[in-house]
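To keep things clear, I will list the structure first and then write my remarks on it.
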Amino acid sequence: MSIDSHAGLADIKALESSICEIDQGKLSYRGFDINDLAEHSSIEEVSYLLLNDALPSPHEFKDFLAALKAEYSLPREIVEHITHVPREANPMAILRTLVSSLGLHDPEHDDHSIPARYRRGLRLLAKIPLIVAAIARHHDARSIVASNPDLGIAANFLHCLYGEEPDRETAHLLDTTLILYAEHELNASAFAARISAATRADTYSCLVAAISTLQGDLHGGANQRSLEMLLTMGTVTRVDEYLLPRLKAKEIIMGFGHRVYKNGDPRVPVLRKMCTSLAEKKNEMELIRVALRTEEIMLKEKGLYANVDFYSGLAFYLLGLSAKLFTCVFALARTPGYLAHIAEQRNANKLIRPRSVYVGKSNRKYTSISSR
Ligand SMILES: CC(C)(COP(=O)(O)OP(=O)(O)OC[C@H]1O[C@@H](n2cnc3c(N)ncnc32)[C@H](O)[C@@H]1OP(=O)(O)O)[C@@H](O)C(=O)NCCC(=O)NCCS
């Protein structure tokens with residue numbers, strides 16, 4: 001039996017889910033089109049939707065925000081832990097370690113009931129952005145900034161990162177990027193979270209599995225690498241001379257191609273438009289021209305379209321984020337999706353344990369070490 005046609009589990013439908021649908025290039029969360037959510041909603045409302053399978057009433061949303069903001073601080077032990085990690089360590093390795101450590105300080109650590117799991121989800125939604133901001137500040141030898149409970153997740157993250165409240169457009173671009181990143185069906189890291197959840201591992205273990213899987217540059221690491229490429233090209237006149245020899249040498253260009261979207265990633269048009277608007281204000285239009293020419297060449301030469309990471313890398317750069325932090329921001333954005341998958345898996349569980357096709361040697365005779 002061969003698995004060539006399904007290498008990497010491509011096109012295998014591994015389980016049933018009611019969280020996210022990708023149908024003929026259209027992406028929706030819980031039945032709501034991603035474009036509607038990106039235009040009209042907020043990351044808090046989308047998080048509620050992903051966790052509860054319904055949009056909140058005004059009253060439910062008020063309670064949800066209050067519960068979320070009540071978690072807008074880090075345990076003292078976590079703050080101390082951050083100040084002791086090596087400044088130059090990989091931020092994703094620090095995030096993975098600190099999310100694991102956060103589990104040790106969860107006041108409801110041993111409560112695995114559904115309500116406790118829900119509260120834990122809110123705790124993680126509120127605290128992971130604070131950890132990411134603290135990692136960045138520690139890296140730059142700056143002190144950690146306390147949350148502002150008047151701000152939503154995106155604006156508060158920027159406040160904790162820069163020590164000042166962001167303007168509305170900047171916070172809005174980050175909020176939209178978080179919405180577009182919040183969930184994406186059975187991507188590698190969500191699948192890793194589900195495999196852990198299916199063994200009945202606790203939420204923190206599942207998230208650590210997800211964050212570890214997100215780290216690789218074929219998944220969450222692509223946004224940093226694609227932005228670095230855009231900056232290296234720098235001007236539109238350098239794009240062809242940079243890309244063409246690399247394509248000829250069959251190099252992989254980060255931020256292009258997708259396992260599921262073969263005719264374009266539906267998250268790209270919204271992000272491209274927002275990046276262009278911010279780039280105009282920040283006098284960075286040359287980078288947009290570089291990005292557009294890169295898209296043109298990739299389509300002409302390889303038939304490949306830009307994916308979400310290509311423009312989110314650019315969005316994060318325009319927001320002033322350090323490239324080293326990009327994958328951590330992807331991780332904090334994807335947390336609502338991970339939590340929805342962990343809950344769905346736990347609520348109708350079946351251990352995930354596929355088989356492999358054995359292709360090794362057979363019927364070998366053991367001989368003792370002295371006669372080898
Ligand atoms: C995302 C990705 C892993 C999907 O992989 P996949 O579905 O397994 O697709 P394949 O690797 O089989 O690609 C098919 C062909 O296109 C080529 N290709 C795919 N993505 C490419 C890219 N970004 N740059 C150059 N060539 C690419 C492959 O080399 C392969 O060529 P071949 O048939 O000559 O061997 C892949 O497109 C990739 O590595 N992209 C860059 C990383 C990235 O942006 N990741 C974020 C995804 S959201």
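The values are calculated or read from the model by the stated rules, or taken from the named source; none is laboratory data. Everything numeric here is computed off the predicted structure, so don't read it as measured data. Backbone-built Cβ (ideal geometry, glycine too); neighbour counts: all protein chains shown. Heads up: the accessible areas ignore ligands, DNA and RNA and are worked out on the full protein's heavy atoms, side chains in. Shrake-Rupley method; radii C 1.70, N 1.55, O 1.52, S 1.80 Å.
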Pop out the carbon and sulfur fraction of the accessible area of segment 256-324 as a percent, whole number, probe 1.4 Å.
51 percent
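Using per-residue counts of other Cβ atoms within 10 Å, averaged over each peptide, order 122-135, 152-165 from highest down. Don't skip to the answer; put the middle values down first.
Details: 122-135: 23.9, 152-165: 20.9.
Per-residue Cβ counts within 10 Å, averaged per peptide and sorted highest first, yield 122-135, 152-165.
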Would you check the accessible area of His6, probe 1.4 Å, heavy atoms only, in square angstrom rounded to 10?
80 Å²
Anisotropy class of segment 1-153 from Cα gyration tensor, a/c 1.5 cut:
oblate
Summed side-chain charge close to Asn35 - residues other than Asn35 whose Cβ falls under 12 Å, Lys, Arg +1, Asp, Glu -1:
0
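Just how large is the dipole of segment 1-126 about the Cα centre, in debye to the nearest 20, putting +1 at every Lys and Arg Cβ and -1 at every Asp and Glu Cβ?
Numbers: 12 positive and 21 negative charges, 77 e Å.
Dipole size: approximately 380 debye.
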So, over other residues within a Cβ distance under 10 Å of Pro56, counting Lys, Arg +1 and Asp, Glu -1, the net charge is -3
Just tell me which lysines come within less than 17 Å, Cα to Cα, of Lys248; anything on the same chain fewer than 8 places away is out.
Lys300, Lys302
For peptides 104-110, 291-297, sequence by mean Cβ density within 10 Å, most packed first:
291-297, 104-110
Excluding Tyr204 itself, what net charge comes from residues whose Cβ is under 14 Å from its Cβ, given Lys and Arg +1 and Asp and Glu -1?
+3
Give the Kirkwood hydrodynamic radius (Å, one decimal) of the chain, defined as one over the mean of 1/r across all pairs of different Cα atoms.
21.8 Å
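Return the Rg/Rh value of segment 166-266, two decimal places, where both radii are evaluated on C-alpha atoms and Rh is the Kirkwood radius. Intermediate results must be reported in sequence, preceding the final value.
Details: Rg = 17.3 Å, Rh = 16.3 Å.
Across segment 166-266, the Cα-based Rg/Rh ratio is 1.06.
More than 22 Å apart: what percent of Cα pairs in segment 222-318 qualify? Can you show the working numbers first?
Details: 892 of 4656 pairs.
Distances greater than 22 Å cover 19 percent of the Cα pairs.
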What span do the alpha-carbon atoms of segment 272-333 cover on each of the three principal axes, reported in whole Å from largest to smallest?
33, 27, 17
